[in-house]
Amino acid sequence: MTKRTYGNKLGFNTRAVHAGNDVDSETGAIRRPITMANSYELPYDPSDVNWSSAGKNIYTRNGGSNQHYLQEKLASLAGGEDCIALASGAAALSGLFFSLLKTGDHVIFSNITYIAVYRLLNELFNNKFQVETTILDTSDLTAVQAAIRPGTKLIHTETPGNPTLAVSDIQALAKVAHQNNVMLSVDNTLASPFNQRPLELGADFCIESLTKYINGHGDAMGGAIIGSKELLEPIRSQAQINLGGTISPFNAWLIMRGMVTLPFRMKQHNESAQKIAGFLESRPEVRFVAYPGLKNHPGHAVAASQMAPGFGGVLSFGLHADHDTHNRFVSYLRIITSAVSLGHDESLIVFLGEKDERQYLYPPEFHGGFFRFSTGLENTEDIIADIEQALEKIS
């Protein structure tokens with residue numbers, strides 16, 4: 001049976017449904033099956049097989065069927081040529097850095113990034129492998145340009161940034177990077193490919209934590225690096241095959257299933273977050289709200305230019321309250337769950353207190369403790385009512 005292919009000329013919704021899927025040649029099933037095998041049949045003469053190859057299925061650490069299907073869908077939705085799906089978002093980040101960087105290289109990375117990036121670059125790669133790092137605000141292009149030196153290999157940013165929702169201009173960063181023969185990687189997790197596609201804006205690598213919006217159901221972990229075949233091939237060999245960060249067939253299948261509804265889920269996340277941010281702004285108990293969809297957000301204009309469908313489902317806010325009152329507010333919530341992660345079907349909130357070691361990197365309004373809030377798929381009115389009743393109790 002001829003394999004169906006779906007180019008980028010088709011709409012996002014159509015590709016979310018069809019890319020990576022096909023009729024199973026053995027059973028006729030119109031959904032790809034889960035192939036829970038760790039080995040595949042070898043050719044008649046296996047003596048010429050490259051045991052570290054990621055081509056033909058040999059061993060699931062080298063790549064398996066469900067991983068390949070998922071990678072095809074991810075590359076299509078992100079506007080990329082190729083994709084590597086790994087065991088988690090952190091595996092994708094560490095795999096990228098491990099494969100690209102060597103002793104003496106210099107990396108510029110955003111002051112607002114996922115904690116794993118801070119740990120990897122500021123501590124592990126710096127102390128263990130003597131990779132030099134500069135942490136700065138990547139929305140400040142003058143600062144980025146000034147920080148580039150002869151040994152600079154990579155600029156890494158995250159936009160919107162976790163957890164303050166800082167916004168960086170991807171297209172402008174790509175121009176600065178490439179003028180200086182430097183590569184640009186963008187963590188796109190908070191935006192998702194529905195809202196923002198960094199590769200189309202000039203980035204060399206797009207990183208996604210598949211655990212979050214792309215899976216969308218809070219029941220599977222995965223990560224992805226998306227880019228050109230030329231740039232990804234050495235990363236696949238090192239990060240996947242030799243380091244063994246391969247995604248499991250079951251998780252790949254779960255995420256593949258979850259992606260079908262990504263555009264519809266993201267529309268709801270976008271709409272709810274916008275309304276909830278506006279509601280929080282109107283409350284006297286609220287000290288600040290950070291959401292790129294608000295016109296007073298310092299990165300609103302840039303976000304509006306590169307996040308065309310919407311501004312995502314994550315926002316941060318703080319209360320005019322002490323440490324304990326922030327925690328009491330969370331304890332009064334009935335629909336919203338206190339838990340880490342984001343992009344789930346249910347609304348999640350986490351209190352980030354004053355002891356956060358990276359607080360010195362955050363804007364002043366975040367220094368008194370704040371919440372990172374991920375809007376779920378519940379009725380927006382019910383989420384707002386839950387927040388409202390908790391605010392009234394602490395008042």
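Quick notes on this one:
Matching residues to (1) farther than 30 Å from A177 by Cα; (2) over 18 Å from the mean Cα position of the chain (by Cα):
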{"residue": "K9", "(1), (2)": "no, yes"}
{"residue": "T27", "(1), (2)": "yes, yes"}
{"residue": "D45", "(1), (2)": "yes, yes"}
{"residue": "V49", "(1), (2)": "yes, yes"}
{"residue": "G64", "(1), (2)": "yes, yes"}
{"residue": "L86", "(1), (2)": "no, no"}
{"residue": "A91", "(1), (2)": "no, no"}
{"residue": "T103", "(1), (2)": "no, yes"}
{"residue": "I108", "(1), (2)": "no, yes"}
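- Single residue of E271, E354, E285, E281 found to be of a type in the set (D, E, K, R) and within 16 Å of P163 (Cβ to Cβ): E354
- Breaking point among (1) closer than 30 Å to Y69 by Cα; (2) in contact (Cβ under 8 Å) with a residue 40 or more places away in the chain; (3) assigned to a helix (DSSP H, G or I), for R257: (2)
- Among the criteria (1) out of contact with any helix residue (DSSP H, G or I) (no Cβ under 9 Å at 6 or more places or on another chain); (2) of a type in the set (S, T, N, Q); (3) touching a residue at least 40 places away in the same chain (Cβ under 8 Å), the one S272 does not fulfil is (1).
- Yes/no for I335 being of a type in the set (V, I, T) and part of a loop (DSSP other than H, G, I, E, B): yes
- Complete set of residues in region 346-370 that are in a loop (DSSP other than H, G, I, E, B), in contact (Cβ under 8 Å) with a residue 24 or more places away in the chain and surrounded by fewer than 18 Cβ atoms within 10 Å (Cβ to Cβ): E346, G353, E354, R358, P363
- The set of residues from region 225-254 being assigned to a strand (DSSP E or B) and more than 21 Å from P193 (Cβ to Cβ) comprises just one member, T246.
- From the options L154, L124, L93, residue that is surrounded by 22 or more Cβ atoms within 10 Å (Cβ to Cβ), of a type outside the set (S, T, N, Q) and within 20 Å of G245 (Cα to Cα): L93
- Qualifying positions in region 341-395 - over 22 Å from F311 (Cα atoms), at pLDDT 95 or above and of a type in the set (D, E): D386, E388, E392
- Screening D22, D48 for residues that are in contact (Cβ under 8 Å) with a residue 12 or more places away in the chain and either farther than 17 Å from Q240 by Cβ or basic (K, R) (or both) leaves exactly one candidate, D22.
- Only listed residue being free of Cβ contacts under 8 Å to residues at least 40 places away in the same chain, hydroxyl-bearing (S, T, Y) and either in a helix (DSSP H, G or I) or under 20 Å from L96 (Cα atoms) (or both), chosen from T157, T142, T189: T142
- Criterion violated by H323 - all others in (1) surrounded by fewer than 15 Cβ atoms within 10 Å (Cβ to Cβ); (2) closer than 30 Å to G258 by Cα satisfied: (2)
- Residue that is surrounded by the fewest Cβ atoms within 10 Å (Cβ to Cβ), among those in region 292-318 that are touching a residue at least 60 places away in the same chain (Cβ under 8 Å) and under 16 Å from F366 (Cβ atoms): P298
- Checking each residue of region 94-110 against the condition of being in contact with a helix residue (DSSP H, G or I) (Cβ under 7 Å, 6 or more places away or on another chain) and part of a loop (DSSP other than H, G, I, E, B) gives at least one match.
- Within region 54-107, restricting attention to residues that are hydroxyl-bearing (S, T, Y) and touching a residue at least 40 places away in the same chain (Cβ under 8 Å), the residue that is farthest from D219 (Cα to Cα) is S99.
The values are calculated or read from the model by the stated rules, or taken from the named source; none is laboratory data. Quick caveat: nothing in here was measured; it's all calculated off a predicted structure. Every residue, glycine as well, gets a Cβ built from its backbone with ideal geometry; the counts of neighbours run over all protein chains shown.
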